[in-house]
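Step one of this worksheet: look at the structure below.
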Amino acid sequence: MTQVPHPLFDLRGRRALITGSSQGIGLALARALGSAGARLVLNGRDADKLAQAVSHLRQEGLEVSGQAFDVTDADQVAQAVEALEAEAPIDILVNNAGIQIRGPFTEFSHADWDRLIATNLTSAFLVGQAVARRMTARKRGKIINICSVQSELGRPTIAPYTATKGGLKMLTKGMAIDLGPHGIQVNGLGPGYFATELTSALVKDEQFTAWIEKRVPAGRWGRTDELAGAMIFLASPASDFVNGHVLYVDGGMTASL
């Protein structure tokens, strides 16, 4: 018997674009939206990896397609969003694309700074603006920017990364203010430390994992499936009066000194 989502969390008939969703947290967020009935559009720059992700989700019975484009390139973003909107409206946008580059502040290169800003912050502005222009005409839409515990907290060697995630938090609030009168909710989802392909080296680092277990009240790394509930909430009618908020899913890290 097919389960029908609760009406407040029902995404059937909605179409979602998730940037940076070929793997890791982005793919998990896409899977969550698909499980609630959304039609998915995955995004990434690597067409082969993107095709594999699309294939995997289709095998799980989800309705999904892929759109390869560089979210840091304004022309590519404009062309991709125009093409997608010509097919069907984008009802939900998840700005997930992001990278991490570590290094001491005094030795951090300008090129790496520019790359972090472009990928983690500018991309959300470019894709968010292109999609929001269509959403405002329809007077509805959901935009979720993937922030981080580093939107609030810092650690050694990641000052530029925290700057991008702090900026994304404030971009989220600003977008909510400008777009709220048009029936659009813009919120942030702030993951803590999750075990993914990109964090596998840290997970295997016994000293770092021991620090996580002591620092996080939950006492462990997060699992990507534990982001599903928050993702569905922020994309669904359940959050229609939630705007400009960052929901941290971090095992209690931001609550603890």
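The values are calculated or read from the model by the stated rules, or taken from the named source; none is laboratory data. Given the structure is predicted, the values throughout are model-derived calculations rather than measurements. No Cβ is skipped: glycine too gets one built from the backbone with ideal geometry, and neighbour counts run over all protein chains shown. Remember, those area values only see protein heavy atoms, side chains included, never the ligands or the DNA or RNA. Shrake-Rupley method; radii C 1.70, N 1.55, O 1.52, S 1.80 Å.
Just a few scattered comments:
- Matching option when the condition is in a helix (DSSP H, G or I) and hydrophobic (A, V, I, L, M, F, W, C), among 11, 27, 62: 27
- Exclusive hit being over 28 Å from residue 238 (Cβ atoms), among the aliphatic types (A, V, I, L, M) and in contact with a helix residue (DSSP H, G or I) (Cβ under 8 Å, 6 or more places away or on another chain), set 118, 111, 78: 78
- Selected residue (only one of 186, 216 is of a type in the set (Val, Ile, Thr) and either within 16 Å of the chain's Cα centre (by Cα) or at pLDDT below 95 (or both)): 186
- Residue count, region 105-145 (criterion: open to solvent by 90 Å² or more (accessible area, probe 1.4 Å) and under 18 Å from residue 38 (Cβ atoms)): 1
- Enumeration of residues in region 56-96 that are open to solvent by less than 40 Å² (accessible area, probe 1.4 Å) and among the charged types (D, E, K, R): 70, 85, 91
- Set side by side, the residues 198, 234, 227 differ, and just one is of a type outside the set (Phe, Trp, Tyr), within 18 Å of the chain's Cα centre (by Cα) and part of a loop (DSSP other than H, G, I, E, B), which is 198.
- For region 73-128, a residue qualifies if it is farther than 17 Å from residue 43 by Cβ, of a type in the set (A, V, I, L, M) and in a loop (DSSP other than H, G, I, E, B), and exactly one does: 101.
- Any hit, region 193-212, residues being more than 26 Å from residue 36 (Cα to Cα), of a type in the set (Gly, Ala, Ser), modelled with pLDDT of 95 or more and out of contact with any Pro (no Cβ under 6 Å at 6 or more places or on another chain): yes
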